[in-house]
Amino acid sequence: MNELDSLAADAQTAFAQATTPAELENAKALFLGKSGRVTALMKGMAALSVEEKKSLGAAINVTKQSIETALTERRQALADAELQIQLKAEALDVSLPGRARGQGGLHPVSLTLERIEQIFASMGFDVADGPEIESDWHSFTSLNNPPNHPARSMQDTFYVDIKGDDGIPYNLRPHTSPMQVRFAHQHIKKHAEAVKVAAAAGLPEPGMPEVRVIAPGRTYRVDSDATHSPMFHQCEGLWLGENVSFKDLKVVFTSFCRTFFESDDLALRFRPSFFPFTEPSAEIDIQFQSGPLAGRWLEVAGSGQVHPNVVRNMGLDPEKYIGFAFGMGPDRLTMLRYGVNDLRLFFDGDVRFLSQFR
Ligand code: DAH
């Protein structure tokens with residue numbers, strides 16, 4: 001191998017050993033720099049004859065060009081390698097599934113409330129809404145709950161620091177029953193307006209339509225365990241008119257339960273009970289004939305004929321108007337429908353639980 005060939009081979013080796021652009025530039029200086037080996041050869045030609053200059057010069061140029069080519073290739077190779085490293089570091093795996101925004105859904109108890117509203121609406125019931133911070137009169141007195149009734153005690157009812165006109169603090173309604181009286185008042189007022197409109201138009205006085213209403217909503221009690229939550233839901237029902245009977249309540253509630261649980265194979269039992277605002281009163285129990293709960297009587301609502309004192313507090317004559325009421329627990333219905341055994345799961349806000357009802 002002549003001197004020029006080994007020079008080119010040395011350059012190749014030096015460039016190949018450089019693993020960074022900076023190392024490569026240092027290696028370049030050894031050959032092509034001001035005091036590099038190629039430059040030294042060129043300088044050495046000064047002392048040669050014209051003939052020698054011609055042949056050696058051409059040979060040196062060829063070597064120089066091959067070294068430059070090798071340098072360019074190595075530069076490119078290092079740049080490519082660096083790019084690969086960078087691409088790897090910033091890797092974007094387009095095959096990964098995207099982080100989709102989770103789809104929301106209604107809370108299981110909301111699903112139940114919607115379902116209750118739909119079923120009762122289909123039977124001609126209005127849906128009413130009322131305040132959760134309620135007066136003592138509406139929560140208790142108007143409902144024939146005597147002043148010394150244990151339901152009024154602080155162990156059962158939450159009170160707020162605002163007093164009503166009667167000097168008694170407002171409460172967080174412990175049931176939706178106050179909606180019976182509130183709605184009856186609204187109903188009577190609306191009817192009075194209709195009477196006025198009819199009179200002004202010279203039309204005969206319209207009779208008062210029946211009250212058929214449900215009032216779902218949040219209720220509060222000082223109570224907390226696997227089947228009780230300080231905040232829970234109730235749905236009140238009231239059917240009031242001149243010709244309503246317990247039979248109507250039974251028919252309506254039975255068909256509600258059968259529709260709600262999608263089963264005609266559902267037995268109902270009206271078990272005598274006591275509530276201050278109804279007389280007579282009954283607990284409503286249901287019994288599934290098949291499935292995991294088959295055979296057990298499960299309490300789902302309280303009910304009864306509205307007490308004459310309550311009808312009077314509505315502003316109506318108990319001799320003329322008779323009403324039937326019920327109060328049920330949508331949380332309980334949700335637990336039964338979906339087979340949930342701990343009420344607290346509904347209010348923990350754990351998405352892993354809630355997303356199962358979407
Ligand atoms: N308010 C009762 C409760 O919270 C439930 C109830 C029972 C409502 C009988 C009624 C009724 O309307 O007639 O336990």
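The values are calculated or read from the model by the stated rules, or taken from the named source; none is laboratory data. Keep in mind the model is a prediction, meaning the values are calculated, not measured. Neighbour counts run over all protein chains shown; Cβ positions are idealised from the backbone, glycine included.
Filtering the range 107-130 for residues that are surrounded by 14 or more Cβ atoms within 10 Å (Cβ to Cβ), acidic (Asp, Glu), within 37 Å of the chain's Cα centre (by Cα) and within 30 Å of Ile214 (Cα to Cα) leaves a non-empty set. For the range 188-223, taking the residues that are within 16 Å of the ligand (Cβ to nearest atom) and under 18 Å from Asp126 (Cβ atoms), the one that is surrounded by the most Cβ atoms within 10 Å (Cβ to Cβ) is identified as Ile214.
Going by the structure shown, is Phe158 surrounded by fewer than 22 Cβ atoms within 10 Å (Cβ to Cβ) and within 16 Å of the ligand (Cβ to nearest atom)?
yes
Among the residues of the range 157-194, just one is closer than 19 Å to Pro276 by Cβ, part of a helix (DSSP H, G or I) and among the basic types (Lys, Arg), namely Arg182.
Of note, Thr63 does not satisfy the criterion of being surrounded by fewer than 17 Cβ atoms within 10 Å (Cβ to Cβ) and touching a helix residue (DSSP H, G or I) at 6+ places or on another chain (Cβ under 9 Å). Is there a residue in the range 215-229 that is of a type in the set (Ser, Thr, Tyr) and in contact with a Lys or Arg (Cβ under 6 Å, 6 or more places away or on another chain)? Checked the range 215-229: at least one residue is of a type in the set (Ser, Thr, Tyr) and in contact with a Lys or Arg (Cβ under 6 Å, 6 or more places away or on another chain). Scanning the range 332-353 for residues that are surrounded by 14 or more Cβ atoms within 10 Å (Cβ to Cβ) and either within 16 Å of the ligand (Cβ to nearest atom) or farther than 19 Å from Leu113 by Cα (or both) yields Arg332, Leu333, Leu343.
In summary, Ala46 fulfils each of the numbered conditions (1) hydrophobic (A, V, I, L, M, F, W, C); (2) loosely packed, with under 13 Cβ neighbours inside 10 Å; (3) touching a strand residue (DSSP E or B) at 6+ places or on another chain (Cβ under 8 Å) with the single exception of condition (3). Among the residues of the range 36-85, those identified as of a type in the set (Lys, Arg) and either in contact (Cβ under 8 Å) with a residue 60 or more places away in the chain or more than 20 Å from Glu23 (Cα to Cα) (or both) are Lys43, Lys53, Lys54. If you filter the range 294-331 down to residues that are out of contact with any helix residue (DSSP H, G or I) (no Cβ under 7 Å at 6 or more places or on another chain) and more than 23 Å from Pro280 (Cβ to Cβ), you find that the one that is nearest to the ligand (Cβ to nearest atom) is Arg296.
Sort out which residues of the range 1-35 are among the small types (Gly, Ala, Ser), assigned to a helix (DSSP H, G or I) and touching a residue at least 12 places away in the same chain (Cβ under 8 Å), and write them in order of number. Listed by number, the residues that qualify are Ala8, Ala11, Ala14, Ala16, Ala27. Look at the range 297-315: where a residue is closer than 20 Å to Met208 by Cβ and outside the structural domain of Glu242 (by TED's automatic domain parsing), no partner that is in a loop (DSSP other than H, G, I, E, B) and more than 7 Å from the ligand (Cβ to nearest atom) sits 6+ places away or on another chain with Cβ atoms under 7 Å.
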